[in-house]
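Read-outs: derived from the displayed coordinates by stated rules, not from any lab. No experiment lies behind these values; they were computed from the predicted model shown. Glycine gets a Cβ as well: all are built from the backbone with ideal geometry, and neighbour counts include every protein chain shown.
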Amino acid sequence: MEEKNNAAGSFEDIQIEEGFYVFKIQNNSPLPQQLNRDIDSSYIQFHFCLKGSADFLYNEGSYSLPVSEEQSLLLYNTQKDLPLHLELQPNAWLFSVVMSLRKFHTLFSKEAHIIPFLNKENKEHKYYAQEAVSPTIAVIISQLMHISLHPSIKELYLKAKVYELMALYFNKSEEADTAQCPFLVDEENLKRIRQAKDIVVARMAEPPSLQELSEEIGLSLKKLKEGFKQVYGDSVYSFLFDYKMEYGRKLLVSGAYNVNEVGLKIGYSTASHYIAAFKKKYGTTPKKYLTAATANSISS
C-alpha cells in the first residue's frame, strides 16, 4: 500500500490482489491538484467521482475528459496505454478500481456476454462509458472512503466492499432481455420511464401513487412497473427509498440541517420515523453515523 497524506488531501494506492488495485484520492484544498500514474493497456479502469469533479488529461493535456460529481467513468483500450493524468478539482473525492483483463475474466468469465467491452465486436477495441452513480453504489463508495476498522480486518472489509462494488456496477436483471424489452429499444417508452423517475425524485416528500404516476406519464400501470424495474433495476418506491436516504444523508453531512429538518425535507413527518428509516438503510442512527464520519474526517 502506498499512502500520501497532507493538509491539502490524500492518496492511497492499495493492492487488493495480483493485478487488482484501488486508488482513494481526496483533494481538500481550494486549488486543483494533479496526480500521475502509469497504467498500461492490459488494465481496465473504473473511476467513481463521489464529490466535486475531476479531469482526465490526455495527449499532454491537449484533451480533457471531465467527470462530475456522482458520475463514473470506465476506460479500456487494448491498443494503447491509458496512463492516469488526473486533475482533481477543489474539494473533490475520487475512488478508482484498476484491474487487469486477466483478473477481470476470472470474475466474469461465465457472464462475459453481459459486459459490453467483452463482446466479440468490442474486446479488441477501445471502450469508454460514462454514467451516473446509483444511490446504492454511492453508499458503498462512501463506506470505502471512510473505513474505520481495526487493521486486522480492514483489508478483508476493503476487499469485500470492492467486490460488492464491481458486482453492483455490472448488475443485470435476469428478467431484462434486451431483445424482448421494449423499454430498452422503444425511445418513447424509455422517455416516459425516465420521466416517472424524475417525478418521484422531484416530489420525494409527497410522491404520487403508482396509479397517479402511470396516468401522468401516459403509461399503463403494468408497463410502468415492468419498465421501471428493467431500466432502473428496482421498483419505483424501492428506488425512491434509496434515493431519499442518500439525499438525506448528504444533507446531514453538510451540517446545514438537523435530523428533524432532513426528515421533513424527504417526507418523514417525525424525526423518529426518519431515524428508523435511516437505521434500516445504513444500520446505524443518523447521530452515530455523523459521529463516525466526523471522527474519520479528523483522522484523515
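Tabulated values for the structure
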| item | result |
| --- | --- |
| Length released on extending from Gln211 to Ala271, taking residue separation times 0.36 nm less the Cα-Cα span | 18.7 nm |
| Cβ-based exposure ranking for Ser72, Ser64, in which fewest neighbours within 10 Å come first | Ser64, Ser72 |
| Full-stretch length increase - Tyr58, Arg203 - with 0.36 nm per residue and alpha-carbon distance subtracted | 48.1 nm |
| Order of Ile141, Ile39, Ile217 under a 10 Å beta carbon neighbour criterion, fewest first | Ile39, Ile217, Ile141 |
